[in-house]
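Report on the following structure.
Read the figures in this text as sums done on the coordinates, not as results from a lab. Quick caveat: nothing in here was measured; it's all calculated off a predicted structure. Neighbour counts are summed over all protein chains in view; Cβ atoms, including those assigned to glycine, are modelled from backbone coordinates with ideal geometry.
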Amino acid sequence: MARRTPLSRDRVLRAAVALADEGGIKALSMRKLAQELGVEAMSLYNHVANKDDILDGIVDVVASEIELPADGADWKTALRQTAVSAHDALLRHRWAADLWMSRGGMSQPRFRYGDTLLRALREGGFSKQLTYHAFHILESHVVGFTLHRQSFTFDSKDLGELAARFLREFPADDYPDLAEHIKQHTEPSYQRPGTFDFGLELIIEGLERLRAAA
């Protein structure tokens, strides 16, 4: 007879992540989670307090997926690696960016992520004021761009076809610059995934100029 894997908080949370990945947060309930794990719903309460505890916990699971830079990395490398990894982790779980903003964030994985960004700025020679603003603009770019990206449910081909159809009825003579921008969505050379890196580089270059001028 096969031996059942013991129930644990980690196992409960990872099963919750899988359910949310498959059907979204609305698909996540204590009953469905218990069914997925093959246990009675009451057994879950030995490891999680309630659904709010699960929601906090699955955000922690995503935060633990963020790859932090090696000790001694220069500030640009540290910011770049941390921001890109955070963006990738949030993209892997379509529900995560919303929860990242709405949950309290009192957890070791999120503490490590935030402390890594702040330490990179401090060791890079930024003032307290610049560190404060730089941290928030980086967070806004990571989470905000992720939400923006996830709002598009079309792949590149579908988006191009949609833009082409839209342009056939669009008053391009009245709004030529917007028409040109929409047209770019139909051209393979303009790949939206690269926009995150482009924006991140603008932020890092801007921070470097502010640091040098301080």
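³J(HN,Hα) across segment 23-37 via Karplus (A = 6.51, B = -1.76, C = 1.60, θ = phi - 60°), whole Hz, x for Gly/Pro?
Taking θ as phi minus 60°, the curve returns x, x, 4, 5, 7, 8, 9, 4, 5, 5, 5, 5, 4, 4, 8 Hz for segment 23-37.
222 nm [θ] for the chain, helices only, -39500 (n - 2.57) per DSSP H run of 4+, per residue, to 500?
-22000 deg cm²/dmol
Just to check I understand the Karplus step: with θ = phi - 60° and J = 6.51 cos²θ - 1.76 cosθ + 1.60, what whole-Hz values come out for segment 75-86, glycine and proline as x?
Coupling constants for segment 75-86: 4, 5, 4, 5, 5, 5, 5, 5, 5, 5, 5, 5 Hz.
Using the 10 angstrom Cβ neighbour count as an exposure proxy, how do PHE152, PHE196 rank, fewest first?
Fewest-to-most Cβ neighbours within 10 Å comes out as PHE152, PHE196.
For the chain, set up a Gaussian network in which alpha carbons nearer than 10 Å are linked by springs, and say which option among ALA89, ALA134, ALA34 fluctuates the most.
ALA34
List the lysines whose Cα lies under 30 Å from the Cα of LYS128, skipping any in the same chain that are fewer than 8 positions away.
Here the lysines satisfying the reach criterion relative to LYS128 are LYS76.
Got a sec? How would THR5, THR131 order by Cβ neighbour count within 10 Å, fewest to most?
THR5, THR131
Which three extents, in angstrom, do the Cα atoms of the chain have along their principal axes, listed largest first?
69, 51, 29
In debye, nearest 20, what is the charge dipole magnitude of the chain about its Cα centre with +1 on Lys and Arg Cβ and -1 on Asp and Glu Cβ, if you could check?
That gives the chain a dipole magnitude of about 840 debye.
Quick check for me: using +1 on Lys/Arg Cβ and -1 on Asp/Glu Cβ, what's the dipole size of segment 1-105 about its Cα centre, in debye to the nearest 20?
360
Running a GNM on the chain with Cα contacts under 10 Å, which residue among ASP88, ASP71, ASP115 ends up with the highest mean-square fluctuation?
Of ASP88, ASP71, ASP115, the most mobile in the Gaussian network model is ASP71.
Using +1 at the C-beta of Lys and Arg and -1 at the C-beta of Asp and Glu, which of ALA41, SER102, GLN129 has the Cα lying farthest in the positive direction of the dipole of segment 30-155?
GLN129
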